[in-house]
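All remarks here apply to the structure that follows.
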Amino acid sequence: MATGNRRECMMSLFGAGAAMTAGKVVAPQNAAAHPRPEKNAISLALWSLVQSFRAGVWKLTDVAQIVRKDFGLDGIEYVNQFFENPVEPYLRQLNKAARDNGVQNVLIMVDNEGDMVAKEKSVRMQAALNHRKWVEIAAVLGCHAIRCNARGGGNSMAEDPDALDRAAEAFGDLIEYAKPFKINILIENHGGLSSDPQWLPALCNKINSPHFGLLPDYGNYTVADEVARIEAVRKAMPFAKGVSVKAGWQSDHTHPGYSLEALLKVSMDCGYTGFWGIESGMRDAAGKAAAKGKMAAKTPTGSPDDVKKRDWQAVLWTKEVIEKVVFGKTRA
């Protein structure tokens with residue numbers, strides 16, 4: 001983002017308790033970490049709609065209305081790749097749409113801003129700097145967090161024993177920057193070391209900050225079976241400030257990859273409350289690529305209406321499971 005655009009986008013921090021002085025963001029003083037919400041609600045991780053976004057079905061300014069009217073959900077988990085032009089008038093539109101539709105801006109998922117665990121110090125610290133603009137944008141939108149990736153290291157703790165120290169250095173720098181804005185820094189298990197069930201809890205213990213935590217993703221663990229997946233989620237939940245309910249559906253309304261119900265229950269058993277973020281997609285037929293996380297095909301298959309139907313159906317099926325397990329609701 002160009003410097004001029006960045007300054008323009010920070011003209012107002014609606015409700016974030018910050019101010020603007022000489023073109024710079026001035027954060028509130030003595031800001032406390034956002035507590036974990038005590039009330040359960042469901043949010044939509046916008047990556048669920050990536051195929052329909054790429055098919056031109058919607059723009060980010062449409063999202064609040066979609067989340068409320070089409071899905072009946074309470075929160076939005078943004079994706080930085082979907083921001084068309086994050087300057088002040090544009091962010092004002094997003095905030096107005098959220099207020100008008102009674103939905104909460106929850107967090108921003110940040111990708112492609114550098115490797116925070118890179119072996120070269122200059123690379124990882126530059127990545128920490130790159131994330132700062134998203135801390136500021138999250139504050140403008142009234143989010144509680146940005147979600148980062150822990151990339152640039154090896155694939156296991158044994159292969160890269162120094163990765164914890166490197167990650168703690170880079171994320172520690174970003175945490176210090178984010179504190180005055182009351183923005184939490186979260187990491188998702190999202191490939192490499194971060195998908196090792198042992199590594200992210202170890203990093204949380206090392207950093208030991210109330211401004212730092214995890215966004216456990218049910219689908220992104222490198223585990224052998226269902227029992228190991230449940231145990232991986234159990235280890236992550238004490239540090240969770242959100243949950244990514246990853247769901248890859250078949251068109252016949254089955255979910256063969258793993259039991260969403262079991263993973264939701266273990267999250268609840270660990271005492272989690274807050275936003276349950278739907279990140280869903282269809283696996284089979286024309287929508288096969290939509291459930292493959294951030295590597296989903298860039299060219300959607302089928303007409304825009306077909307793509308929309310797949311995206312929307314997967315969200316609604318995932319919502320149905322969350323409502324049944326977390327809220328005790330069943331369809332009539």
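For region 76-98, filtered to residues that are free of Cβ contacts under 8 Å to residues at least 60 places away in the same chain and crowded, with 17+ Cβ neighbours inside 10 Å, the residue that is nearest to Phe275 (Cα to Cα) is Ile76. Answer yes if at least one residue in region 92-112 is touching a Ser or Thr at 6+ places or on another chain (Cβ under 7 Å), of a type in the set (A, V, I, L, M), assigned to a helix (DSSP H, G or I) and within 29 Å of Leu316 (Cα to Cα), and no otherwise. Checked region 92-112: at least one residue is touching a Ser or Thr at 6+ places or on another chain (Cβ under 7 Å), of a type in the set (A, V, I, L, M), assigned to a helix (DSSP H, G or I) and within 29 Å of Leu316 (Cα to Cα).
Among residues of region 229-271 being in contact (Cβ under 8 Å) with a residue 12 or more places away in the chain and among the hydroxyl-bearing types (Ser, Thr, Tyr), the one that is surrounded by the most Cβ atoms within 10 Å (Cβ to Cβ) is Ser244. When region 251-271 is examined, which residues are found to be in a helix (DSSP H, G or I) and of a type outside the set (S, T, N, Q)? If the condition is that a residue be in a helix (DSSP H, G or I) and of a type outside the set (S, T, N, Q), then Leu260, Glu261, Ala262, Leu263, Leu264, Lys265, Val266, Met268, Asp269 are the ones that fit.
Would you call Val57 farther than 18 Å from Val135 by Cβ, part of a helix (DSSP H, G or I) and touching a residue at least 24 places away in the same chain (Cβ under 8 Å)? For Val57, the condition - farther than 18 Å from Val135 by Cβ, part of a helix (DSSP H, G or I) and touching a residue at least 24 places away in the same chain (Cβ under 8 Å) - is not met.
For Glu176, are the conditions met, namely being of a type in the set (Asp, Glu), modelled with pLDDT under 95, more than 18 Å from Phe275 (Cα to Cα) and surrounded by fewer than 24 Cβ atoms within 10 Å (Cβ to Cβ)? Judged against the criteria, Glu176 is not a match.
For region 179-213, taking the residues that are of a type in the set (Ser, Thr, Tyr) and surrounded by fewer than 22 Cβ atoms within 10 Å (Cβ to Cβ), the one that is nearest to the chain's Cα centre (by Cα) is identified as Ser195. Given (1) modelled with pLDDT of 85 or more; (2) among the aliphatic types (A, V, I, L, M); (3) over 30 Å from Gly213 (Cα atoms); (4) surrounded by fewer than 18 Cβ atoms within 10 Å (Cβ to Cβ), where does Val307 come up short, assuming only one miss? The single condition Val307 does not satisfy is (4). Scanning for something under 17 Å from the mean Cα position of the chain (by Cα), part of a strand (DSSP E or B) and of a type in the set (D, E, K, R), does region 230-248 turn up at least one residue? The answer is yes, given that some residue of region 230-248 is under 17 Å from the mean Cα position of the chain (by Cα), part of a strand (DSSP E or B) and of a type in the set (D, E, K, R).
For region 139-149, the condition holds for no residue, the condition being that it is of a type in the set (S, T, N, Q) and surrounded by fewer than 20 Cβ atoms within 10 Å (Cβ to Cβ).
The values are calculated or read from the model by the stated rules, or taken from the named source; none is laboratory data. As the structure is a computational prediction, the values presented were derived from the model and not from experiment. Glycine also receives a Cβ, built like all others from the backbone with ideal geometry; neighbour counts cover every protein chain displayed.
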